[in-house]
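**Student:** Before I ask anything, let me first share the structure, which is written out below as structure tokens.
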Amino acid sequence: MWLWLHRSPLIRSCLGDIVDNNMYYAVLLDHLKDNHAIWQATIIATDGSSPARSGMKMLIPASGVLHGNLGGGELEHQIIAFVRQQAPSQPQTMVFELSPAHQSGSNPTSMICGGSVTVFIEALHLPHQLYIIGAGHCGRALGKLAKLCDFHVTLVDNRSESLCSDMAEYCHHSILNDYQDIGQAVCFGPQTFIVIMTHGHVHDSQVLQQCLRREHRYLGMIGSKTKVAETFSTLSEQGYSQQELDRVHAPIGLRIGSQSPHEIAISIMAEIIKELRLS
């Protein structure tokens with residue numbers, strides 16, 4: 001009896017769906033355990049000829065391996081690109097036109113299938129993203145503490161020697177990146193927290209200038225009152241308003257008399273939590 005059932009195309013298809021679903025949710029669980037930002041895109045309707053069918057879905061992490069299927073080709077590529085570039089925090093429905101005759105639509109493609117596809121995109125998990133710019137002693141101490149507070153931590157530095165092979169204790173990701181182009185490393189958005197603590201005043205100022213007018217939840221810079229005053233004076237001369245500068249937490253951290261890297265990390269993390277819970 002079992003051999004007959006096993007040979008049945010319908011049964012094999014059902015068993016395959018069960019295995020695929022188990023794998024799908026196992027992958028999702030792994031991402032949730034690791035506190036990764038992840039979205040799900042689901043095909044909810046098709047009209048006319050299309051490579052996709054209703055019910056197809058895909059897990060789209062902020063980076064790394066995708067899981068699932070949205071029909072492949074340009075349609076799938078556009079959906080993935082939208083999620084990773086925009087990092088939507090709210091659910092949304094998008095219609096993709098698959099015909100040259102409808103290129104004036106909101107989401108045109110160069111596909112010639114002739115139909116359209118409606119996709120529902122939702123964030124399944126959006127952890128608070130903490131970007132620590134500068135992987136020195138204070139940056140690592142802050143990263144280690146922030147991980148314990150359930151932040152998704154990325155350490156960014158322009159020195160390869162500061163990003164050793166095993167950084168898992170301090171962050172989820174480490175990125176070697178030029179400070180003059182910090183946008184290549186930071187995904188700005190409403191859940192983005194940024195702490196600037198590089199190894200030089202010039203680098204701090206460069207990074208701060210690039211972040212000021214980008215979307216973020218928290219932006220702080222380490223430094224003495226004198227250094228902060230000089231930096232703000234320069235930025236003001238460059239056209240940044242006092243309102244923009246007032247959004248920067250600098251000197252960073254709550255005033256608790258901190259001295260060691262771990263004490264400094266505690267003061268910064270306390271200020272971040274205060275911003276998160278009480279603002």
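The values are calculated or read from the model by the stated rules, or taken from the named source; none is laboratory data. A quick note: this is a predicted structure, and the numbers were derived from the prediction, not measured. Here the Cβ is made from the backbone with ideal geometry for all residues, glycine too, and neighbour counts use every protein chain on show.
**Student:** Could you name every one of the strands (runs of 3 or more DSSP E) located completely within segment 146-196 that has at least 3 residues being over 18 Å from the mean Cα position of the chain (by Cα)? I'd like the intermediate steps shown before the answer.
**Tutor:** Values: elements: 152-157, 173-176, 192-196.
So the answer is none; nothing clears 3.
**Student:** Regarding segment 243-254, can at least one residue be identified that is assigned to a helix (DSSP H, G or I), within 17 Å of ILE133 (Cα to Cα) and touching a residue at least 40 places away in the same chain (Cβ under 8 Å)?
**Tutor:** No.
**Student:** Also: Looking at ARG247, ARG217, can you tell me which residue is more than 23 Å from ASP150 (Cα to Cα) and of a type in the set (Lys, Arg)?
**Tutor:** Details: ARG217 fails: more than 23 Å from ASP150 (Cα to Cα).
Unique residue meeting the criteria: ARG247.
Every residue, every condition in (1) surrounded by fewer than 17 Cβ atoms within 10 Å (Cβ to Cβ); (2) in the same structural domain as LEU245 (by TED's automatic domain parsing); (3) of a type in the set (Lys, Arg); (4) at pLDDT 95 or above, yes or no:
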position	(1), (2), (3), (4)
ALA146	no, yes, no, yes
CYS149	yes, yes, no, no
VAL153	no, yes, no, no
VAL156	no, yes, no, yes
MET167	no, yes, no, no
PHE188	no, yes, no, no
HIS201	yes, yes, no, no
LEU208	no, yes, no, yes
GLY220	no, yes, no, yes
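Residues are listed down the side, and each one gets a yes or a no for (1) touching a residue at least 40 places away in the same chain (Cβ under 8 Å); (2) touching a helix residue (DSSP H, G or I) at 6+ places or on another chain (Cβ under 7 Å):
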site: PRO127; (1), (2): yes, no
site: THR154; (1), (2): no, no
site: ASP166; (1), (2): no, no
site: GLU169; (1), (2): no, yes
site: SER174; (1), (2): no, no
site: ILE182; (1), (2): yes, yes
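**Student:** Give all pairs with beta carbons closer than 7 Å in which a residue from segment 63-77 that is outside the structural domain of ILE175 (by TED's automatic domain parsing) and closer than 17 Å to SER50 by Cα meets a residue that is of a type in the set (Phe, Trp, Tyr) and in a strand (DSSP E or B); count only pairs at least 6 apart in sequence or on separate chains.
**Tutor:** Pairs found: LEU75/PHE96.
**Student:** Does GLU215 count as out of contact with any helix residue (DSSP H, G or I) (no Cβ under 9 Å at 6 or more places or on another chain) and in a loop (DSSP other than H, G, I, E, B)?
**Tutor:** Details: out of contact with any helix residue (DSSP H, G or I) (no Cβ under 9 Å at 6 or more places or on another chain): yes; in a loop (DSSP other than H, G, I, E, B): yes.
In short, yes.
**Student:** When you scan segment 124-134, how many residues do you find that are in a loop (DSSP other than H, G, I, E, B) and either at pLDDT below 95 or acidic (Asp, Glu) (or both)? Lay out the reasoning, then the answer.
**Tutor:** So in segment 124-134, the residues in a loop (DSSP other than H, G, I, E, B) come out as 126-128, 134.
Checking the rest, the ones that are also either at pLDDT below 95 or acidic (Asp, Glu) (or both) come to 126-128.
Within segment 124-134, residues that are in a loop (DSSP other than H, G, I, E, B) and either at pLDDT below 95 or acidic (Asp, Glu) (or both) number 3.
**Student:** A further question on this structure: Given (1) at pLDDT 95 or above; (2) surrounded by fewer than 21 Cβ atoms within 10 Å (Cβ to Cβ), identify the lone condition not met by ASN107.
**Tutor:** Tallying (1) at pLDDT 95 or above; (2) surrounded by fewer than 21 Cβ atoms within 10 Å (Cβ to Cβ), ASN107 fails exactly one: (1).
**Student:** Please pick out the residue among ALA26, ALA37, ALA62, ALA52 that is small (Gly, Ala, Ser) and either exposed (fewer than 13 other Cβ atoms within 10 Å of the Cβ) or at pLDDT 90 or above (or both). Break it down stepwise before answering.
**Tutor:** Numbers: ALA37 fails: either exposed (fewer than 13 other Cβ atoms within 10 Å of the Cβ) or at pLDDT 90 or above (or both); ALA62 fails: either exposed (fewer than 13 other Cβ atoms within 10 Å of the Cβ) or at pLDDT 90 or above (or both); ALA52 fails: either exposed (fewer than 13 other Cβ atoms within 10 Å of the Cβ) or at pLDDT 90 or above (or both).
None of the others qualify; the one that does is ALA26.
**Student:** Right, another one. What is the residue count in segment 229-238 for residues that are part of a loop (DSSP other than H, G, I, E, B) and either at pLDDT 95 or above or of a type in the set (A, V, I, L, M) (or both)? Even if it seems obvious, please write down each step before you answer.
**Tutor:** If we filter segment 229-238 for residues that are part of a loop (DSSP other than H, G, I, E, B), which is where we start, we get 238.
The next check asks that each one be either at pLDDT 95 or above or of a type in the set (A, V, I, L, M) (or both); those that pass are none.
Summing the residues that are part of a loop (DSSP other than H, G, I, E, B) and either at pLDDT 95 or above or of a type in the set (A, V, I, L, M) (or both) in segment 229-238 gives 0.
**Student:** From the list ARG277, ARG255, ARG247, pick out the single residue that is over 25 Å from the mean Cα position of the chain (by Cα) and either among the basic types (Lys, Arg) or buried (at least 18 other Cβ atoms within 10 Å of the Cβ) (or both). It would help to see each step written out before you state the result.
**Tutor:** Details: ARG277 fails: over 25 Å from the mean Cα position of the chain (by Cα); ARG247 fails: over 25 Å from the mean Cα position of the chain (by Cα).
Only one candidate qualifies: ARG255.
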